[in-house]
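Presented below is the structure to which this report refers.
The values are calculated or read from the model by the stated rules, or taken from the named source; none is laboratory data. All values derive from a computational prediction rather than experimental measurement. As a convention, Cβ positions derive from the backbone with ideal geometry for all residues, glycine included, and neighbour counts pool all protein chains shown.
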Ligand code: LP5
Ligand code: MN
(Lines give C-alpha, C1' and ligand atoms only; values in the text may rest on other atoms or scores of the structure.)
(Ligands and ions follow the chains in the order given, each with its own letter.)
Protein backbone atom coordinates (compact mmCIF):
# COMPACT_ATOMS: atom_id res chain seq x y z
CA UNK A 1 0.00 0.00 0.00
CA UNK A 2 1.54 3.32 -1.10
CA UNK A 3 0.54 6.66 0.36
CA UNK A 4 1.81 9.88 -1.22
CA UNK A 5 1.99 13.25 0.55
CA UNK A 6 2.54 16.65 -1.08
CA UNK A 7 1.94 20.29 -0.15
CA UNK A 8 2.86 23.85 -1.09
CA UNK A 9 2.60 23.50 -4.85
CA UNK A 10 1.38 27.13 -5.01
CA UNK A 11 -0.01 26.48 -8.48
CA UNK A 12 -0.49 29.58 -10.55
CA UNK A 13 -0.40 30.53 -14.26
CA UNK A 14 3.03 32.11 -13.72
CA UNK A 15 4.65 28.67 -13.16
CA UNK A 16 3.37 26.33 -15.88
CA UNK A 17 6.20 23.83 -15.18
CA UNK A 18 4.81 23.15 -11.70
CA UNK A 19 1.31 22.62 -13.10
CA UNK A 20 2.68 20.21 -15.72
CA UNK A 21 4.69 18.30 -13.08
CA UNK A 22 1.59 17.99 -10.92
CA UNK A 23 -0.46 16.71 -13.86
CA UNK A 24 2.24 14.14 -14.63
CA UNK A 25 2.22 12.99 -11.01
CA UNK A 26 -1.58 12.67 -11.05
CA UNK A 27 -1.63 10.70 -14.30
CA UNK A 28 1.08 8.27 -13.28
CA UNK A 29 2.12 7.60 -9.70
CA UNK A 30 -0.98 8.98 -8.00
CA UNK A 31 -3.23 6.66 -10.04
CA UNK A 32 -1.24 3.64 -8.81
CA UNK A 33 -1.14 4.71 -5.16
CA UNK A 34 -3.75 3.83 -2.58
CA UNK A 35 -3.97 7.37 -1.21
CA UNK A 36 -2.82 10.85 -2.13
CA UNK A 37 -2.72 13.49 0.59
CA UNK A 38 -2.44 17.18 -0.34
CA UNK A 39 -1.56 19.11 2.83
CA UNK A 40 -2.50 22.63 1.76
CA UNK A 41 -1.34 25.45 -0.51
CA UNK A 42 -2.14 23.49 -3.63
CA UNK A 43 -2.87 26.91 -5.16
CA UNK A 44 -1.02 30.20 -4.88
CA UNK A 45 -4.36 31.74 -3.96
CA UNK A 46 -7.99 30.61 -3.93
CA UNK A 47 -10.76 33.18 -3.83
CA UNK A 48 -13.72 30.78 -3.79
CA UNK A 49 -14.95 27.58 -5.43
CA UNK A 50 -17.09 29.65 -7.80
CA UNK A 51 -13.92 31.17 -9.35
CA UNK A 52 -11.54 28.26 -10.05
CA UNK A 53 -9.85 29.98 -13.00
CA UNK A 54 -7.97 28.06 -15.71
CA UNK A 55 -5.51 26.51 -13.27
CA UNK A 56 -8.30 25.40 -10.95
CA UNK A 57 -10.16 23.76 -13.83
CA UNK A 58 -7.02 21.91 -14.98
CA UNK A 59 -6.43 20.68 -11.44
CA UNK A 60 -10.04 19.48 -11.14
CA UNK A 61 -9.61 17.48 -14.38
CA UNK A 62 -6.36 15.95 -13.16
CA UNK A 63 -7.81 15.00 -9.79
CA UNK A 64 -10.85 13.44 -11.47
CA UNK A 65 -8.50 10.97 -13.21
CA UNK A 66 -7.05 10.00 -9.83
CA UNK A 67 -10.57 9.52 -8.46
CA UNK A 68 -11.49 7.34 -11.46
CA UNK A 69 -8.47 5.15 -10.87
CA UNK A 70 -9.74 4.37 -7.34
CA UNK A 71 -7.01 6.28 -5.52
CA UNK A 72 -8.49 8.17 -2.56
CA UNK A 73 -7.35 11.78 -2.48
CA UNK A 74 -7.52 13.90 0.66
CA UNK A 75 -6.99 17.63 1.13
CA UNK A 76 -6.20 19.88 4.10
CA UNK A 77 -6.62 23.63 3.60
CA UNK A 78 -3.49 25.80 3.58
CA UNK A 79 -3.15 29.49 4.35
CA UNK A 80 -3.39 30.25 0.60
CA UNK A 81 -6.38 28.05 -0.19
CA UNK A 82 -8.35 28.05 3.04
CA UNK A 83 -11.43 28.89 0.95
CA UNK A 84 -11.47 25.52 -0.82
CA UNK A 85 -14.74 23.92 0.14
CA UNK A 86 -17.19 21.18 -0.84
CA UNK A 87 -17.98 22.44 -4.36
CA UNK A 88 -14.33 22.08 -5.38
CA UNK A 89 -13.99 18.78 -3.50
CA UNK A 90 -17.06 17.30 -5.17
CA UNK A 91 -15.99 18.44 -8.64
CA UNK A 92 -12.49 17.03 -8.15
CA UNK A 93 -13.57 13.84 -6.36
CA UNK A 94 -11.46 14.50 -3.27
CA UNK A 95 -12.18 14.41 0.47
CA UNK A 96 -11.72 17.48 2.65
CA UNK A 97 -10.04 16.86 6.00
CA UNK A 98 -10.00 19.04 9.13
CA UNK A 99 -6.93 21.19 9.98
CA UNK A 100 -5.43 18.32 11.96
CA UNK A 101 -6.10 14.84 10.62
CA UNK A 102 -4.88 11.37 11.48
CA UNK A 103 -3.97 8.55 9.14
CA UNK A 104 -2.83 5.01 9.75
CA UNK A 105 0.44 4.00 8.14
CA UNK A 106 1.65 0.43 8.65
CA UNK A 107 -0.31 0.31 11.90
CA UNK A 108 1.02 3.62 13.24
CA UNK A 109 -1.14 6.71 13.79
CA UNK A 110 0.35 9.72 12.00
CA UNK A 111 -0.80 13.33 12.34
CA UNK A 112 -1.06 15.51 9.22
CA UNK A 113 -1.52 19.26 9.08
CA UNK A 114 -0.62 22.19 6.83
CA UNK A 115 1.85 23.49 9.41
CA UNK A 116 0.85 27.15 9.86
CA UNK A 117 -0.77 26.33 13.21
CA UNK A 118 2.64 25.26 14.53
CA UNK A 119 4.17 28.71 13.88
CA UNK A 120 3.01 30.03 17.23
CA UNK A 121 5.71 32.74 17.47
CA UNK A 122 4.23 34.44 14.39
CA UNK A 123 1.55 36.23 16.37
CA UNK A 124 0.65 38.67 13.58
CA UNK A 125 -0.05 35.77 11.24
CA UNK A 126 -2.14 33.95 13.85
CA UNK A 127 -4.26 37.08 14.38
CA UNK A 128 -4.72 37.37 10.61
CA UNK A 129 -5.60 33.66 10.43
CA UNK A 130 -8.23 33.98 13.14
CA UNK A 131 -9.97 36.74 11.18
CA UNK A 132 -9.88 35.11 7.73
CA UNK A 133 -10.92 31.72 9.08
CA UNK A 134 -13.99 33.19 10.81
CA UNK A 135 -17.37 32.32 9.25
CA UNK A 136 -18.35 36.02 9.27
CA UNK A 137 -15.27 37.12 7.29
CA UNK A 138 -15.71 34.26 4.84
CA UNK A 139 -19.40 34.93 4.24
CA UNK A 140 -18.73 38.61 3.58
CA UNK A 141 -15.66 37.93 1.41
CA UNK A 142 -17.37 35.27 -0.72
CA UNK A 143 -20.31 37.62 -1.34
CA UNK A 144 -18.01 40.14 -3.05
CA UNK A 145 -17.64 40.23 -6.84
CA UNK A 146 -14.74 38.06 -8.07
CA UNK A 147 -12.75 41.09 -9.29
CA UNK A 148 -12.82 42.64 -5.84
CA UNK A 149 -11.88 39.34 -4.18
CA UNK A 150 -8.91 39.04 -6.56
CA UNK A 151 -7.81 42.56 -5.70
CA UNK A 152 -8.01 41.95 -1.94
CA UNK A 153 -6.14 38.64 -2.27
CA UNK A 154 -3.40 40.42 -4.25
CA UNK A 155 -3.13 43.16 -1.62
CA UNK A 156 -2.93 40.58 1.17
CA UNK A 157 -0.22 38.67 -0.69
CA UNK A 158 1.84 41.83 -1.28
CA UNK A 159 1.46 42.93 2.32
CA UNK A 160 2.37 39.46 3.55
CA UNK A 161 5.50 39.41 1.35
CA UNK A 162 6.59 42.83 2.63
CA UNK A 163 6.08 41.80 6.24
CA UNK A 164 7.82 38.45 5.77
CA UNK A 165 10.93 40.19 4.45
CA UNK A 166 11.12 41.99 7.79
CA UNK A 167 10.36 39.00 10.03
CA UNK A 168 13.13 36.92 11.63
CA UNK A 169 13.29 33.56 9.78
CA UNK A 170 12.90 31.70 13.10
CA UNK A 171 9.53 33.37 13.70
CA UNK A 172 8.22 31.87 10.45
CA UNK A 173 9.36 28.37 11.38
CA UNK A 174 7.44 26.02 13.65
CA UNK A 175 7.86 26.28 17.40
CA UNK A 176 9.27 23.06 18.86
CA UNK A 177 7.05 23.61 21.90
CA UNK A 178 3.95 23.72 19.69
CA UNK A 179 5.10 20.55 17.90
CA UNK A 180 5.53 18.67 21.17
CA UNK A 181 2.24 19.95 22.59
CA UNK A 182 0.23 18.82 19.59
CA UNK A 183 1.98 15.44 19.51
CA UNK A 184 1.10 14.92 23.18
CA UNK A 185 -2.46 16.06 22.56
CA UNK A 186 -3.01 13.53 19.78
CA UNK A 187 -0.86 10.86 21.42
CA UNK A 188 1.24 10.39 18.29
CA UNK A 189 4.98 10.19 17.60
CA UNK A 190 5.02 11.04 13.90
CA UNK A 191 3.69 14.07 12.07
CA UNK A 192 3.78 15.33 8.49
CA UNK A 193 3.35 18.95 7.49
CA UNK A 194 4.35 21.61 4.96
CA UNK A 195 4.00 25.41 4.97
CA UNK A 196 7.54 26.36 6.07
CA UNK A 197 9.11 25.29 2.74
CA UNK A 198 11.98 23.72 4.71
CA UNK A 199 11.90 20.05 3.66
CA UNK A 200 13.50 17.84 6.29
CA UNK A 201 13.05 14.84 8.56
CA UNK A 202 13.49 15.88 12.17
CA UNK A 203 14.08 13.16 14.78
CA UNK A 204 13.90 14.13 18.44
CA UNK A 205 13.05 12.81 21.88
CA UNK A 206 9.56 13.23 23.23
CA UNK A 207 9.77 12.12 26.83
CA UNK A 208 11.37 8.70 26.72
CA UNK A 209 10.28 7.97 23.15
CA UNK A 210 11.68 9.03 19.81
CA UNK A 211 9.51 11.25 17.63
CA UNK A 212 9.62 12.24 13.96
CA UNK A 213 8.49 15.40 12.17
CA UNK A 214 8.51 15.18 8.39
CA UNK A 215 8.39 18.51 6.54
CA UNK A 216 7.36 18.57 2.88
CA UNK A 217 8.99 21.07 0.53
CA UNK A 218 7.46 23.55 -1.89
CA UNK A 219 7.16 23.20 -5.66
CA UNK A 220 8.95 26.38 -6.70
CA UNK A 221 12.18 25.06 -8.27
CA UNK A 222 11.33 21.35 -8.08
CA UNK A 223 8.61 19.20 -6.58
CA UNK A 224 8.68 17.54 -3.17
CA UNK A 225 6.83 14.37 -2.19
CA UNK A 226 6.79 11.93 0.68
CA UNK A 227 6.28 8.34 -0.41
CA UNK A 228 5.29 5.85 2.27
CA UNK A 229 4.80 2.14 1.66
CA UNK A 230 5.36 -1.11 3.52
CA UNK A 231 9.13 -0.68 3.15
CA UNK A 232 9.13 2.68 4.95
CA UNK A 233 9.20 6.30 3.83
CA UNK A 234 11.25 8.53 1.55
CA UNK A 235 11.17 12.29 1.10
CA UNK A 236 11.76 12.76 -2.62
CA UNK A 237 12.57 15.66 -4.95
CA UNK A 238 10.76 15.74 -8.27
CA UNK A 239 12.56 17.50 -11.11
CA UNK A 240 10.46 19.67 -13.41
O1 LIG B 1 1.89 32.76 2.28
P2 LIG B 1 3.25 33.08 2.75
O3 LIG B 1 4.07 31.85 2.93
O4 LIG B 1 3.95 34.09 1.91
O5 LIG B 1 3.11 33.77 4.17
C6 LIG B 1 2.35 33.13 5.15
C7 LIG B 1 1.56 34.18 5.93
N8 LIG B 1 0.79 35.02 5.02
C9 LIG B 1 -0.46 34.72 4.68
C10 LIG B 1 -1.18 35.71 3.80
C11 LIG B 1 -1.36 35.13 2.45
O12 LIG B 1 -0.09 34.99 1.82
C13 LIG B 1 -2.25 36.04 1.62
C14 LIG B 1 -2.74 35.36 0.36
C15 LIG B 1 -4.02 34.65 0.58
C16 LIG B 1 -4.65 34.21 -0.72
C17 LIG B 1 -6.12 33.84 -0.53
C18 LIG B 1 -6.92 35.03 -0.39
C19 LIG B 1 -8.32 34.97 -0.05
C20 LIG B 1 -8.71 35.85 1.08
C21 LIG B 1 -7.97 37.16 1.30
C22 LIG B 1 -8.14 37.67 2.69
C23 LIG B 1 -7.60 39.02 3.01
O24 LIG B 1 -1.03 33.70 5.00
C25 LIG B 1 2.49 35.05 6.73
C26 LIG B 1 3.35 34.17 7.61
C27 LIG B 1 4.12 33.17 6.75
O28 LIG B 1 3.19 32.39 6.01
C29 LIG B 1 4.99 32.22 7.55
O30 LIG B 1 4.22 31.44 8.43
O31 LIG B 1 4.25 34.98 8.33
O32 LIG B 1 1.68 35.85 7.56
C33 LIG B 1 1.56 37.18 7.27
O34 LIG B 1 2.31 37.72 6.50
C35 LIG B 1 0.47 37.88 8.01
C36 LIG B 1 0.85 39.32 8.26
O37 LIG B 1 1.87 39.35 9.23
C38 LIG B 1 -0.36 40.14 8.66
C39 LIG B 1 -1.50 40.17 7.65
C40 LIG B 1 -1.23 40.97 6.39
C41 LIG B 1 -2.38 40.91 5.41
C42 LIG B 1 -3.24 42.16 5.41
C43 LIG B 1 -4.44 42.00 4.55
C44 LIG B 1 -4.90 43.28 3.98
C45 LIG B 1 -6.14 43.13 3.16
C46 LIG B 1 -6.53 44.45 2.61
C47 LIG B 1 -7.90 44.45 2.09
C48 LIG B 1 -8.30 45.73 1.47
MN1 MN C 1 1.36 27.79 3.70
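Note on region 95-116: among residues that are over 13 Å from residue 192 (Cα atoms) and modelled with pLDDT of 95 or more, the one that is nearest to ligand 1 (Cβ to nearest atom) is 96. I'd like the residue in region 103-134 that is within 16 Å of ligand 2 (Cβ to nearest atom) and in a loop (DSSP other than H, G, I, E, B) and, out of all such residues, is surrounded by the most Cβ atoms within 10 Å (Cβ to Cβ). This residue is 115. Within region 14-36, the set of residues being surrounded by fewer than 16 Cβ atoms within 10 Å (Cβ to Cβ) and out of contact with any helix residue (DSSP H, G or I) (no Cβ under 7 Å at 6 or more places or on another chain) comprises 14, 16, 17, 20, 24, 28, 32, 34.
Being over 30 Å from residue 233 (Cβ atoms), within 15 Å of the chain's Cα centre (by Cα) and surrounded by 13 or more Cβ atoms within 10 Å (Cβ to Cβ) is a property that residue 83 has. Would you check if residue 182 is in a helix (DSSP H, G or I) and in contact with a strand residue (DSSP E or B) (Cβ under 9 Å, 6 or more places away or on another chain)? Yes: the conditions hold for residue 182. Out of all the residues in region 37-59, is one or more crowded, with 22+ Cβ neighbours inside 10 Å, within 18 Å of residue 1 (Cα to Cα) and in contact with a strand residue (DSSP E or B) (Cβ under 7 Å, 6 or more places away or on another chain)? Yes - at least one qualifying residue is present in region 37-59.
For the list (1) in contact with a helix residue (DSSP H, G or I) (Cβ under 6 Å, 6 or more places away or on another chain); (2) within 16 Å of ligand 2 (Cβ to nearest atom), I need the number of the one condition that residue 137 fails. Every listed condition holds for residue 137 apart from (2). Scanning region 15-65 for residues that are in contact (Cβ under 8 Å) with a residue 24 or more places away in the chain and part of a loop (DSSP other than H, G, I, E, B) yields a count of 16.
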